[in-house]
Structure formats: structure tokens, C-alpha cells
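The values are calculated or read from the model by the stated rules, or taken from the named source; none is laboratory data. All figures in this text were calculated on a predicted structure; none of them were measured in a lab. Cβ sites come from the backbone with ideal geometry, for glycine too, and all protein chains shown count toward neighbours.
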């Protein structure tokens, strides 16, 4: 569902992503970890077509994001760490707009939107202009808008920012349910407990390179010790810094 092949992105002398190759299977929940400036957000922008690679390829459901962008994006949803919303619209109006962008029938838009409004506790906010809503509410709106067209691939950067524990639990449950139903999820986060709880596999980026990939248990085994994920992460990234 997601294929990255020798993906490289440079900005002048800076190499943000360095020869990244990765395959994520249908229905897999994959978490991408890494320290600041490791290349996580750049990888997501390359995958979703927001940034053009210096070299290499990224494919969604077999479609190249650069040469077949409409086919790839029709199967994709992306929630960035700071999602853009139209402040003068209400959430319900925004959902209709997003559904129309994906050429969904009007009836399906309304049915999907209403189910998600209820699931994400947005009923009280659904008909208020978004400019007056809290950050956590806006984050839930962005996630609902991305799920509206039932994407095959869901890419999300730091999903729990601004969410209280109750709504964070809802997001976790919905993403896991969708993953079990066949949606592929790629999640980037600094919160290691979320990665350990949610992910089937975890990839660790350092300086634009994928230094480790595997299930939480496999990563612990790779370190040869009975360590928590935090200790595994710190050990692997420290080793990657050695000359």
C-alpha cells in the first residue's frame, strides 16, 4: 500500500531524507519515530506529493505520487501536524467541501460525516464557525475530514497534539479499527507510548536514514536486552551517531 524506493530529498547541502526504502503492507499500522530533524515530516510530505523528491520514488496503492498524482491521492488521506482549516466554515460545511473534492455522492458525504461527528463528539461544534473552536476540537475536525472518503492509506503527523485523554482514546480506537478493517496507517509521533501501544511495526529514522524497523518485540530483540521502547530508541539513535 505504501512503497518508498531509494527516496532522497536534499535542500542545498542538507540531506533531509537519505536513500529511504520501505514497504508498508495493506492493513498495517506503522509508526515512524525519530529525533527532531530526523526527516519524519519530510518523508510524509514526499509520500503525499507535497514535496518533490530529489531522487527515488513513492507509491500509494501502486500509483506513483509524482507521475500518477490523481490516482494516488484519491486513495490517500493526510493530516499534517498543523492542519489547515477554513475558519469561516462550520465543520459540517467543511466536511461537505472535502467530500466534494473526492467526488463523493452527497448522500454518502452526509451519512459518513454524521457518523463521524457522533463518534468524535463533534455534535455541539458541527454548526459553529471553526475560527472559535479549540485546538483539540480542530484536530478532531481535521481527522474526521481525512477519514470521510474512507481512504485506503491514512498518513498522520503527531495525531494526539492538543487532544485530552478522552478524545485521544477515541482517535486511537478509530484508527486501530480502520487498520483492522484494511486501511493502512502511517503515523509519525514523538510519543513512544503511542507507538508501542498502536503499531504493528515501528521504523526509526535518524539523519534521514532508516536505522531500524520491526515490531516492538523485534526492536527489543535487536538490542539484545529486555528494554522498554524508550531505552531501545535512545540506544539505537545513540549508536547511529557514532562515527
Inset, instruction - Inspect segment 76-87 for any residue being free of Cβ contacts under 8 Å to residues at least 24 places away in the same chain, out of contact with any helix residue (DSSP H, G or I) (no Cβ under 7 Å at 6 or more places or on another chain) and under 27 Å from residue 176 (Cβ atoms) and give the result as yes or no. - result: yes
Inset, instruction - Name every residue in segment 155-168 that is surrounded by fewer than 18 Cβ atoms within 10 Å (Cβ to Cβ) and on the phi > 0 side of the Ramachandran plot, in order of residue number. - result: 162
Inset, instruction - State yes or no: is residue 126 out of contact with any strand residue (DSSP E or B) (no Cβ under 8 Å at 6 or more places or on another chain) and in contact (Cβ under 8 Å) with a residue 24 or more places away in the chain? - result: yes
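Scan segment 117-145 for residues that are outside any helix (DSSP H, G or I) and exposed (fewer than 13 other Cβ atoms within 10 Å of the Cβ) and jot them down.
123, 124, 127, 134
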Inset, instruction - Collect the residues in segment 200-227 that are under 29 Å from residue 182 (Cα atoms) and in a loop (DSSP other than H, G, I, E, B), keeping them in residue-number order. - result: 200, 208, 215
Inset, instruction - Select the helices (runs of 4 or more DSSP H) contained entirely in segment 31-116, then report the ones holding at least 1 residues which are crowded, with 20+ Cβ neighbours inside 10 Å and within 16 Å of the chain's Cα centre (by Cα). - result: 40-47, 69-73
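Look through 23, 43 and report the one residue that is under 21 Å from residue 213 (Cβ atoms), touching a strand residue (DSSP E or B) at 6+ places or on another chain (Cβ under 7 Å) and free of Cβ contacts under 8 Å to residues at least 40 places away in the same chain. Don't jump to the end; show me each part of the working.
On the way: 43 fails: free of Cβ contacts under 8 Å to residues at least 40 places away in the same chain.
Step by step, each of 23, 43 is checked, and only 23 is under 21 Å from residue 213 (Cβ atoms), touching a strand residue (DSSP E or B) at 6+ places or on another chain (Cβ under 7 Å) and free of Cβ contacts under 8 Å to residues at least 40 places away in the same chain.
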Inset, instruction - Taking the options 108, 103, 119, name whichever one is under 28 Å from residue 72 (Cβ atoms) and in contact with a helix residue (DSSP H, G or I) (Cβ under 7 Å, 6 or more places away or on another chain). - result: 119
Inset, instruction - State all residues of segment 228-243 that are without any contact (Cβ under 8 Å) to a residue 60 or more places away in the chain and assigned to a helix (DSSP H, G or I); if no residue qualifies, say none. - result: 229, 230, 231, 232, 234, 235, 236, 238, 239, 240, 241
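Going by the structure shown, is residue 171 within 28 Å of residue 123 (Cβ to Cβ), surrounded by 14 or more Cβ atoms within 10 Å (Cβ to Cβ), in contact with a strand residue (DSSP E or B) (Cβ under 6 Å, 6 or more places away or on another chain) and not assigned by TED's automatic domain parsing to the domain that holds residue 20? Talk me through it step by step, then tell me what you get.
Details: within 28 Å of residue 123 (Cβ to Cβ): yes; surrounded by 14 or more Cβ atoms within 10 Å (Cβ to Cβ): yes; in contact with a strand residue (DSSP E or B) (Cβ under 6 Å, 6 or more places away or on another chain): no; not assigned by TED's automatic domain parsing to the domain that holds residue 20: yes.
So residue 171 fails the test.
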